[in-house]
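K.L.:
Here's a structure for you.
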Amino acid sequence: MGESGERTDVTPDLTDLVIRMDDVSVRRGPATLVRDLDWSVELDERWVVLGPNGAGKTTLLRMAAAELHPSAGAVHLLGERLGRVDVFELRPRIGFCSSALNGRVPGDEIVRDVVVSAGYALLGRWREQYDSLDLARADKLIDAMGMWPLVSRPFGTLSEGERKRTLIARALMADPELLLLDEPAAGLDLGGREDLVGRLSELALDDTAPASVLVTHHVEEIPPGYTHALLLRSGGVVAQGLLADVITDENLTRTFGLPLRVRHEDGRYSARRG
Ligand SMILES: Nc1ncnc2c1ncn2[C@@H]1O[C@H](COP(=O)(O)OP(=O)(O)OP(=O)(O)O)[C@@H](O)[C@H]1O
Ligand SMILES: [Mg+2]
């Protein structure tokens, strides 16, 4: 309520929320991909979304990326309601990294261009001159992702892990207020996974880094510094909240549909059949 007693904002707490979903469902024909979901993400939170194949994780993330509208319910992103905001204004404020992007990057584009072009919301188009500040920022992110030795390599010649790291640098380039990562460690070998988990952990622990949502199938891939978890199964929420409360034997067992035992050691989780 404003001082005059009139409501100045219908949802006053929204400004602190990066994502807010109220009773959201996504339907395609007879299938319900996401069911009756209530979820919110605050500025300083880092969420992991876990669930088996087909649980609705990518569908959820695409809504958070303003790429997909709900069939029912309300999605607010960065204080704006999806459906009432120009998504082309919203999307540059969100860094989205998924393997779907992989195929959209021209193979002959070099790493630096893949990263710096994000600031211009371009993909695969070389602008003759980028701002020197942008180039400096791109180089810093490329270095932070361990890609400096390959800065001039064509994207098409990179390994899976190198591509992932390049695309994460790209997602961070526009200084997003929300970072979304769909299975960033999929397809990486053990060393590549551990390297990436370490880098994502550094990012998670950085106070200036954006709110983040990371989708994965494996508790081993949860970077230390992540704070919350959402467990999905068949489009429905099994559990959500603080990581330590949510990643339990019982919840993982219900999520993946087989008896699982989870361990938490040195900030890292692991799970096996129990
Ligand atoms: N357009 C569509 N029509 C019907 N079903 C769809 C459509 N798009 C996705 N689905 C189904 O919705 C379910 C959820 O898909 P989604 O990609 O969100 O799952 P996911 O949790 O990301 O799975 P994965 O771990 O395999 O990536 C899947 O069963 C998928 O086949
Ligand atoms: Mg998926």
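K.L.:
Which ³J(HN,Hα) values in Hz, rounded to whole numbers, follow from the phi angles of the stretch 171-186 under the Karplus curve 6.51 cos²θ - 1.76 cosθ + 1.60, where θ = phi - 60° and Gly and Pro get x?
P.N.:
Once rounded to whole Hz, the list reads 5, 8, 4, 7, 6, x, 8, 8, 10, 10, 10, 9, 6, x, 9, 4.
K.L.:
So which residue, out of ASP139, ASP36, ASP207, gets the largest mean-square fluctuation from a GNM of the chain using Cα contacts under 10 Å as springs?
P.N.:
Of ASP139, ASP36, ASP207, the Gaussian network model singles out ASP207 as fluctuating most.
K.L.:
Starting from the Kirkwood radius over alpha-carbon pairs of the stretch 14-273, derive D by Stokes-Einstein at 4 °C in a medium of 1.567 mPa s and give it in µm² s⁻¹.
P.N.:
My calculation gives 69 µm²/s for D.
K.L.:
Determine the gain in length on full extension of the stretch ALA74-TRP148; use 0.36 nm per residue of separation and subtract their C-alpha separation, reporting nm with one decimal. Don't skip to the answer; put the middle values down first.
P.N.:
Values: separation 74, 0.36 × 74 = 26.64 nm, distance 4.17 nm.
The span from ALA74 to TRP148 would gain 22.5 nm if fully extended.
K.L.:
May I ask you to derive the relative contact order of the chain, considering only C-alpha pairs under 8 Å and at least 6 residues apart, and to give it as an integer percent?
P.N.:
Details: 526 pairs, mean separation 60.3, N = 274.
Relative contact order for the chain comes out at 22 percent.
K.L.:
So, one more: With a sphere of radius 15 Å drawn around the Cβ of LYS57, what net charge do the other residues whose Cβ falls strictly inside it have (Lys, Arg +1; Asp, Glu -1)?
P.N.:
Summing Lys and Arg as +1 and Asp and Glu as -1 gives -1.
K.L.:
Another question, then. Whole-Hz Karplus ³J(HN,Hα) for the stretch 211-224, in order, using 6.51 cos²θ - 1.76 cosθ + 1.60 and θ = phi - 60°, x for Gly and Pro?
P.N.:
Once θ is set to phi - 60°, the couplings for the stretch 211-224 become 4, 9, 10, 10, 9, 8, 9, 10, 5, 4, 8, 6, x, x Hz.
K.L.:
With a 10 Å cut-off between alpha carbons and a GNM built on the chain, which of ILE94, ILE110, ILE19 moves the most?
P.N.:
ILE110
K.L.:
Next question. Using Cα pairs closer than 8 Å and at least 6 residues apart in sequence, work out the relative contact order for the stretch 67-189, in percent.
P.N.:
Working: 157 pairs, mean separation 45.2, N = 123.
RCO, the stretch 67-189: 37 percent.
K.L.:
Quick check on the chain: helices-only [θ] at 222 nm, where DSSP H runs of length 4 and up contribute -39,500 (n - 2.57) each and the sum goes over total residues. Nearest 500, please.
P.N.:
That calculation yields -8000 deg cm²/dmol at 222 nm.
K.L.:
Test of understanding: express the Cα radius of gyration of the stretch 204-274 as a ratio to 2.2 N^0.38 Å, with N the residue count. Numbers along the way, then the final one.
P.N.:
On the way: Rg = 12.3 Å, N = 71, 2.2 N^0.38 = 11.1 Å.
Taking N as the residue count of the stretch 204-274, the ratio is 1.11.
K.L.:
I've got another one for you. How much length would be gained if the chain were fully extended between VAL85 and ALA136, taking 0.36 nm per residue of separation minus their Cα-Cα distance, in nm to one decimal? Working shown, then result.
P.N.:
Details: separation 51, 0.36 × 51 = 18.36 nm, distance 3.19 nm.
Between VAL85 and ALA136, full extension yields an extra 15.2 nm.
K.L.:
For the chain, with a Gaussian network of springs between Cα atoms less than 10 Å apart, report the residue from SER40, SER117, SER152 with the top mean-square fluctuation.
P.N.:
Judging by the Gaussian network model, the answer is SER152.
K.L.:
Another one. Please compute the length gained on full extension between SER270 and SER234, using 0.36 nm multiplied by the number of residues separating them and subtracting their Cα-Cα distance.
P.N.:
Result for the pair: 10.7 nm of gain on full extension.
K.L.:
Still on this model: Sorting GLU202, GLU221 on the 10 Å Cβ count, fewest up front, what's the list?
P.N.:
GLU202, GLU221
K.L.:
Still on this structure, I have one more. Translational diffusion coefficient, Stokes-Einstein: compute it for the stretch 128-274 using the Kirkwood radius over C-alpha pairs as Rh, at 4 °C and 1.567 mPa s, and state it as an integer in µm² s⁻¹.
P.N.:
After rounding, the answer is 77 µm²/s.
Bear in mind that the values in this text are calculations on the coordinates, not laboratory data. Note that the structure is predicted; figures quoted are calculated from it, not measured. Reconstructed Cβ throughout: ideal geometry from the backbone, glycine too, with neighbour counts over all protein chains shown.
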